1. Quickly work out the Ser369-to-Ala496 label distance, labels modelled 7 Å from Cα along the C-beta direction, and quote it in nm with one decimal.
2. Among Leu454, Ser411, Ala475, pick out the residue whose Cα is farthest towards the positive end of the charge dipole of segment 410-551, where Lys and Arg carry +1 and Asp and Glu carry -1 on C-beta, about the Cα centre.
3. Can you tell me the FRET efficiency between Leu535 and Thr354 if r is taken as the Cβ-Cβ distance and R0 is 22 Å, rounded to the nearest 0.05?
4. Give me the one-decimal nm value for the distance between modelled label points at Ile307 and Arg339, 7 Å along each residue's Cα-to-Cβ direction.
5. Is segment 115-159 best put as rounded, prolate or oblate by its Cα gyration tensor, with a ≥ b ≥ c the root eigenvalues, rounded for a/c under 1.5, and otherwise prolate when a/b is larger than b/c, oblate when not?
6. Distance in nm between label sites at Thr117 and Arg545, each 7 Å beyond Cα in the beta-carbon direction?
7. Taking H placed 1.01 Å from N in the peptide plane, check which residues at least 5 places from Val471 or on another chain put their amide H under 5 Å from its amide H.
8. Which order do peptides 364-372, 18-26, 267-275 fall in by mean Cβ count within 10 Å, highest first?
Amino acid sequence: MSETAARPGWRPRLRLRTILFGINLVILALPLGGITWLRLYESALIRQTESELIAQGAFIEAAYLAALDRAASTPPARGQRARGLPTDYGHPLTAPPRATDPEGRWRPRWAELDLATDSIRPRPPPPVAATQPADPLALQVGRELTPVLRQAQKTTLAGMRIVDANGIVVASTGDLSEDDLGRSLLNHEEVVRALTGEPVSLLRWRVSDEPPPPLASISRGTRVRVFVTEPIERDGRVLGAVLLVRTPSNIKQAVFHKREPLLHAGLGLLALVALLTLLGALTITRPVRQLIEQARRAARGQRNAVIPLRHPVTREIAELSDTVAAMAQTLESRAQYIRDFATHVSHEFKTPLTAIQGAVELLRDHAESMSVEERARFLDILGRDAQRLEHLVRRLLELARADMMQAGGDSADLAAVLTATAAHHRERGLHIELATPLPAAHVAIGAETLDSILGTLLDNARQHGGETVRVRLSAQAHGDRMEIDVADDGSGISAANAERVFEPFFTTGRGQGRTGLGLSIVRALLAAHRGGIDLLPTARGTAFRITLPTG
């Protein structure tokens, strides 16, 4: 059992590539689900059927009008004049006129049925007995067109009927169980609306007692039927209507007939999903695993284990890699700092503690046999070392506070602080030259903190340069930062010591009780206030430059 699985409370977690594969599958399934839930494909099949019926209705209407003209122009008997259609033949058109093109030549009719928005009517009622006979001209035209309709039905599979202006069937494909010629369809909503001049398309339920047909059958077996009625119009009058009925394609049959292309498309899409998942794994998972491996090596204590990735691929992974590497470098530097600090502290404490321990043992063993001068000398040793330890502890606390300090919103008048600090140290006997004019600016640090920093540098100048050392204070603006120079004409710092001057516990005056923490504290304080300090090269003496943001 792996270490991960053995941990209490452990739960299996999915791999990132598995999640990517699942996401890609969901994205692939969304359009298919949308087609299923919104019945888009079924609506497309219905509109396809509606469009076919509209086209057939337009041809039947044109054929009917041509046949009607022929019937009306034929003399009833030899030697008589052609009668022609009476001006009041049919009924006035009462429905709103259909939209046409600007020239009035075209009257397009678009398929608009949609399962999502159109309601499905009940199964149509059977034709009823007519209250009057069919129009003779319409009946004559119907007898002429009936063979044409039945022949066309063998190809289109659509049921077709023609009614006269009173809704009486004058031509039919005869696909009902009873002959509907001469019967009325005024009990059909679509026929009544068509006789006002309105083209109608609607859906009705199809009820069948027969079992569903096989997928390869020409019988579609759909539960709805498309009904299309086309008014027969001329000169603003409705002369009759054409009713067409067709069962739309079955979605299962449509898929069955396209099974091979759909199977190939499905396999292609799955291959695409797998390819996208592999690409995602290469661009995301692989760099993440490299970062995880680096983190594991760092956890085992390996130095410089976390470095920026060579091929992060994406910008986000590159930023993450750089950030993690910078964080690891910071942690390593902090850990090294702590190790070195602990080593220095133990060394600094060891010397006075050893002296104190030796003096105490000598006094315990030989105090009675010692002279007064010897006892006083050992007591002085104890006092000096105890004072050194107290001073060392105080400086360590100051360094810790400086390292943990967070800059607030304090600011100080630079000219006022420099003037006050120079005056204070002149009173203590230090020769200070203050360069004027001083810039009238504020720096983003408290006045007491800045005074403490300058005081440390001035005390160092006195300690290393003696009473005759001269110090020059100056300040100048550099962009949005202020530069403060503290330069003296003392003995200076050697090139070897210059590289270590800011290291904690480094000092050349350990015999005088110095801790070597002063400049470390100064640098930590300045860093907490977004500033810094540098040792400047100089031909004589020592020069430090403090930089602080203006505030």
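Derivation of every value follows stated rules applied to the coordinates shown; laboratory data play no part. Quantities reported herein were computed from a predicted structural model and do not represent experimental measurements. Every residue, glycine among them, receives a Cβ derived from its backbone with ideal geometry; neighbour counts consider all protein chains shown.
1. Result for the modelled spin labels: 4.4 nm.
2. The listed residue farthest towards the positive side: Leu454.
3. Numbers: r = 33 Å, r/R0 = 1.52.
Rounded to the nearest 0.05, the efficiency is 0.10.
4. Placing both labels 7 Å along Cα→Cβ, they lie 1.9 nm apart.
5. Values: a/c = 3.03, a/b = 1.35, b/c = 2.24.
Judged from the Cα gyration tensor, segment 115-159 comes out oblate (a/c at least 1.5, b/c at or above a/b).
6. The answer from the label model is 7.5 nm.
7. Distant-sequence amide H within range of Val471: His431, Ile432, Glu433.
8. Numbers: 364-372: 9.4, 18-26: 15.2, 267-275: 12.2.
Going from most to least packed, we get 18-26, 267-275, 364-372.
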